[in-house]
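What follows is a short report on a single structure.
The values are calculated or read from the model by the stated rules, or taken from the named source; none is laboratory data. This structure is a prediction, so every number in the text was calculated from the model and none was measured. Every residue, glycine among them, receives a Cβ derived from its backbone with ideal geometry; neighbour counts consider all protein chains shown. Note: areas computed on protein heavy atoms with side chains; ligands, DNA, RNA excluded. Shrake-Rupley method; radii C 1.70, N 1.55, O 1.52, S 1.80 Å.
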Amino acid sequence: MKEPCTVLEVKDLRVRRGGVETIHIPSFQVASQESVALVGPNGSGKSSFLLSLACLLKAETGQIFFKGEPVNRSGLTAYRRKLAMVFQEPLLFDTTVYNNVATGLTFRGVSAREIKQQVEACLEQFRIAHLAERSAQKLSGGEAQRTSLARAFATKPEFILLDEPFAALDPPTRRTLMDDLALALRESGTAAIMSTHDQLDALSFADRMVVMHQGNIVQSGTTTEVMNRPVNEFVATFVGMENVFNGSIITAEQGLLTLSIGKEVVHLLGDGLPGERVTLCIHPEHVMLSTHNPESQVSARNVFLCKIVRIIPFGLYHKVYLECGFSLVAAVTAQALSELDLKISDMVYVMFKAAAVHFFRKG
């Protein structure tokens, strides 16, 4: 297997729309065979960034490099033939599924024999071979997006850009399509960048997660790094760390910090100085509940007696909102909720480990 190399690089990219700077990316790279999830809320600049990478949106300044070579006007057609782009709306032609998948190959003047071979392989790969002669106008949303993906892979691109491709699909269709896309990328070795605001899509798809906010990249790293060690409050909130608090360091001894949060004291691992103001964050999944005082039975350093103020079903979990002198959210399975027999206004013990608390400095 070839060693990964940088297939796409951006330097000092700035884009203005309507007189307003919407994108400013000082530096960005994608390695061959790498899958990157571009995440952020609506309006964060994800789509504009992808359109800029495809040279469909003109940049005011900056340079795009493909395999170390700058992309300029004279080489634009050759560059675009190295990439494929899939949008949220499939944008299919009013013809058969087969002809849609063959479109890019036809434009490139590929022989009829090779077109047939490539199209049939991609129809099989995305499980739509039985739809080959169906009109694209008579497809379901999932079938249309499968056709769009097959069309993109048929040209054997060196990298592919996907702009919220599954946002309009129901969850089961989305999961199966995501699995098929991931398999296609692994088998082809194609580099990919997918924009999404869905964390599950990002986690199941990406080698690396890039968080965008107001047209800027605010954090880039593995999915584990971004999910568990956000660099600021915006990222922490976006990745689901609903428990975010500001506090002051009281003591710092041998890698263990003690902080004041409201009227309580929280212990966590890290280095700091007494008096420093920091922001703490904890995933709701790391907050455990008990109806009995567990202080002498568990390794968790942080144990509080709290009042349940709200319980809300949330997918596979229930969110339990608590008041402990400060507000806290726990994610509890339906089974655990039933076994503990938790109800609003009950008093419960809350616990979380010092290692479960992430913090970053203010400013």
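Excluding ligands, DNA and RNA, the accessible surface per residue across the chain is 50 Å² with a 1.4 Å probe.
Tell me the carbon and sulfur percent of the accessible area for the stretch 256-343, rounded to whole percent, probe radius 1.4 Å. Walk me through the intermediate numbers first.
Details: 2520 of 4720 Å².
Carbon and sulfur: 53 percent of the exposed surface of the stretch 256-343.
Near D346, the amide H atoms lying under 5 Å from its own belong to I308; only residues 5 or more places off or on other chains count, and H is placed 1.01 Å from N.
Per-residue Karplus couplings for the stretch 57-65, computed as 6.51 cos²θ - 1.76 cosθ + 1.60 with θ equal to phi - 60°, are listed in order as 10, 6, 8, 6, 9, x, 9, 9, 10 Hz, Gly and Pro entered as x. Cα-based values for the stretch 258-357, radius of gyration first and Dmax second, are 13.8, 43 Å. Taken along the Cα-to-beta-carbon direction at a fixed 7 Å, the label points for S27 and I250 span 4.1 nm. Between the beta carbons of L91 and N42, assuming R0 = 25 Å, the FRET efficiency works out to 0.80 to the nearest 0.05. Residues R301, R175, R73, R310 ordered from highest to lowest accessible area at a 1.4 Å probe: R73, R301, R310, R175.
Extending 7 Å from Cα along the Cβ direction at S74 and again at R361 yields two label points whose distance is 5.0 nm.
Would you kindly give the portion of the calculated P(r) for the stretch 41-88 that falls above 18 Å, as a percent of all Cα pairs?
In whole percent, the long-distance tail amounts to 31.
Over the chain, what is the relative contact order in whole percent, taking alpha-carbon pairs under 8 Å and six or more residues apart?
Numbers: 730 pairs, mean separation 55.5, N = 363.
Relative contact order of the chain: 15 percent.
At R0 = 51 Å, how high is the FRET efficiency between R113 and K263 if r is their beta carbon distance? Nearest 0.05 is fine.
According to the calculation, E is roughly 0.10.
Restricting the calculation to Cα atoms, every distinct pair contributes to the Kirkwood radius of the stretch 1-81, found to be 13.5 Å.
All C-alpha pair distances within the stretch 188-298, sorted into 5 Å bins from zero, spread as 2, 10, 17, 17, 17, 13, 11, 7, 3, 2, 1, 0 percent across the bins.
Counting only other residues whose beta carbon sits under 13 Å from that of L105, what net charge do I get with K and R as +1, D and E as -1? Write out the running numbers ahead of the final one.
On the way: positive: R81, R108, R113, K116, R151, K156; negative: E114, E120.
Charge balance near L105 sits at +4.
Rounded to the nearest 0.05, what FRET efficiency do A168 and L305 give with R0 = 45 Å and r taken as the Cβ-Cβ distance? Could you check? Here the calculated transfer efficiency is 0.50.
To the nearest whole percent, what portion of all C-alpha pairs in the stretch 16-147 is separated by more than 20 angstrom?
58 percent
Across all C-alpha atoms in the stretch 103-242, the radius of gyration and Dmax reach 17.4, 55 Å.
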